[in-house]
Each structure stands twice: as C-alpha cells, then as structure tokens.
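For reference, the structure is listed below as structure tokens.
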Amino acid sequence: MIRIGVDPLLDLLAGSSCVGCRRPGRQLCPACATAVSGRARAVRPTPCPPGLAPCCAAGEYSGMLRALVLGHKEHHRLPLRAPLGSLLADAVLVLLAGDAIGPVVLVPVPSRPGSALRRGHDPTWDITRSAARELGRRGARASAHRLLRVGRVGDQRELDAAGRAANLRDAMSVDGPRLARLARRHERAVIVLCDDVLTTGSTAREAQRALAATGVGIAGVAVVAATRRRAPPHGETSGRLLSSMGRRV
C-alpha cells in the first residue's frame with residue numbers, strides 16, 4: 001500500500017487537494033492511492049534500444065499516475081515524493097522477484113545540468129531516496145546512491161527514439177570516488193537503475209552503458225511509469241513479459 005506520508009489536517013490547512021480527484025485535504029487521498037497501487041509489471045519500450053536491461057514500471061504514464069509524476073516534478077508538490085517512492089519500490093520488488101534481495105543499491109538517472117536548480121529540487125533523486133526508505137520498511141536492505149553524472153545535452157521532449165539516442169550518446173559518466181566508496185561498503189550488491197518515466201529507453205540505456213564502462217552491471221531498470229508506445233508494423237508490443245532479470249555485481 002502506498003504511504004501517503006503527510007498529515008491530512010496539515011494539507012487541508014495549507015489549502016491542498018488530492019492530485020487525482022481534487023478532493024480537499026491530502027495531496028493524494030487514500031482512494032486515489034489505492035487506485036494506482038498494485039500494478040507494477042515488466043515493460044519494454046517499442047522499439048527497444050539494443051541491450052537494454054529488463055525494465056519494470058509501477059504503471060502506465062497516463063491519468064492519475066501522470067498527474068502524480070508531473071505534480072511532484074513540475075508543480076513542486078513535494079509531499080508526493082512519498083507515494084511516488086512507494087510506487088517505485090513496488091517496481092523494484094517486481095523486478096527482483098525470485099532473486100535474493102539485498103543489499104539493493106538504487107541508482108537514479110541523473111538530471112540534466114541546471115534542471116534541478118530550475119525546479120528547486122531533483123525529482124528523480126527525491127523519489128529514489130524515498131523508494132530506498134520504503135524498501136527498508138518492507139524488510140529489504142536498500143540504499144540510494146548518486147553514481148551517475150550527465151554532461152550538457154539538448155532538451156529531449158520533442159525528440160523521437162533515434163533523436164534521443166543520438167542526443168544522449170556518451171553523455172553520462174560514473175562518479176569514480178563515489179563508486180569506490182560504495183564498493184568498499186558492499187562487495188556484492190544488486191544494482192537497480194531508477195527513473196520516474198520510461199519513454200524510449202534511450203536515457204536508461206545510456207545510464208546502463210556508463211555503469212557498464214566501469215564494470216558495474218545492473219539487475220534492471222525500475223520506473224514509476226512507462227509510456228504506452230504504438231507497436232511497429234511487425235507487431236511487437238511494449239508490454240510483453242521479460243525473459244531475464246539481469247545480473248548482479
């Protein structure tokens with residue numbers, strides 16, 4: 001069940017309303033929280049970047065889930081990090097189902113330079129840390145670590161899959177000192193790459209490449225939401241089940 005986190009009386013006094021149904025009070029009411037819970041499943045972008053690790057999303061990027069992501073990311077509704085973190089934790093657990101859990105290291109996809117400053121917060125880092133805390137409450141040994149950096153890249157919102165891949169080519173790198181500190185703490189860990197939304201898979205694939213370049217393999221990619229993409233003529237679907245759950249480091 002999603003942890004809502006903020007006292008409804010405080011939200012009511014602040015003039016807040018549910019991002020889903022607009023009911024005054026909590027930023028996500030219990031009924032809407034229940035409506036978006038329990039839907040995590042394996043997903044795949046269409047077309048899929050070659051070599052992309054297994055991916056799992058808590059739901060489709062539409063309706064209430066889209067409102068949740070945008071409310072936190074663009075409209076500064078910071079209390080939504082708690083329910084978003086719970087959803088991301090759901091995706092991580094489904095991704096790792098059948099595999100021994102722990103320690104789990106969640107690595108957020110890095111934000112473009114300047115975007116966190118413009119927004120006043122780093123949405124992906126916020127929900128990744130929240131997911132690590134939620135996994136801890138559920139009995140998993142989990143932590144979040146910023147291991148990736150990204151150089152200057154163009155805005156991706158209007159780019160197609162090929163354009164995004166070209167825009168991100170070799171754009172990311174690993175923070176060596178942070179990786180070394182992590183390696184000293186955990187000789188073996190399950191690494192999961194985290195993001196808010198999976199669209200074409202280009203960002204996740206570039207992050208995966210950067211980690212692999214330093215010898216770090218990932219178990220997969222966990223996201224809050226995945227966009228529904230139209231299947232190409234040969235009929236591949238974006239929601240087909242995955243046959244592999246990746247590997248450990």
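The values are calculated or read from the model by the stated rules, or taken from the named source; none is laboratory data. Everything quoted here is computed from the prediction, not taken from an experiment. Using ideal geometry, Cβ is built from the backbone for each residue, glycine included, and neighbour counts are taken over all protein chains shown. Side chains included, ligands, DNA and RNA excluded: accessible areas come from the protein's heavy atoms. Shrake-Rupley method; radii C 1.70, N 1.55, O 1.52, S 1.80 Å.
Summary of computed values
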{"quantity": "Residue list for the range 202-219, restricted to those being within 22 Å of ARG129 (Cα to Cα) and touching a Ser or Thr at 6+ places or on another chain (Cβ under 9 Å)", "calculated": "ALA210"}
{"quantity": "Residue among VAL153, VAL105, VAL92 that is of a type in the set (Val, Ile, Thr), modelled with pLDDT under 95 and open to solvent by less than 30 Å² (accessible area, probe 1.4 Å)", "calculated": "VAL153"}
{"quantity": "Subset of the range 1-46 (residues that are in a loop (DSSP other than H, G, I, E, B), modelled with pLDDT of 85 or more and aliphatic (A, V, I, L, M))", "calculated": "VAL19, LEU28, ALA40"}
{"quantity": "Among (1) at pLDDT 90 or above; (2) assigned to a loop (DSSP other than H, G, I, E, B), the one test that HIS72 misses", "calculated": "(2)"}
{"quantity": "Cross-chain or 6+ apart pairs with Cβ under 7 Å, the range 123-150 first and closer than 19 Å to GLY71 by Cβ, then part of a loop (DSSP other than H, G, I, E, B)", "calculated": "THR124/VAL109; THR124/SER111; TRP125/ARG146; GLU134/ARG3"}
{"quantity": "Candidates VAL69, VAL94, VAL104 - the one that is out of contact with any helix residue (DSSP H, G or I) (no Cβ under 9 Å at 6 or more places or on another chain), touching a residue at least 12 places away in the same chain (Cβ under 8 Å) and within 15 Å of ALA222 (Cβ to Cβ)", "calculated": "VAL94"}
{"quantity": "Which listed residue, of ARG112, ARG81, ARG137, ARG146, is touching a Pro at 6+ places or on another chain (Cβ under 7 Å), open to solvent by 40 Å² or more (accessible area, probe 1.4 Å) and over 15 Å from ALA219 (Cα atoms)", "calculated": "ARG146"}
{"quantity": "Hits in the range 183-203 - residues which are part of a helix (DSSP H, G or I) and open to solvent by less than 10 Å² (accessible area, probe 1.4 Å)", "calculated": "none"}
{"quantity": "Options ALA97, ALA58: the member that is modelled with pLDDT of 95 or more and either touching a Leu at 6+ places or on another chain (Cβ under 8 Å) or of a type in the set (A, V, I, L, M) (or both)", "calculated": "ALA58"}
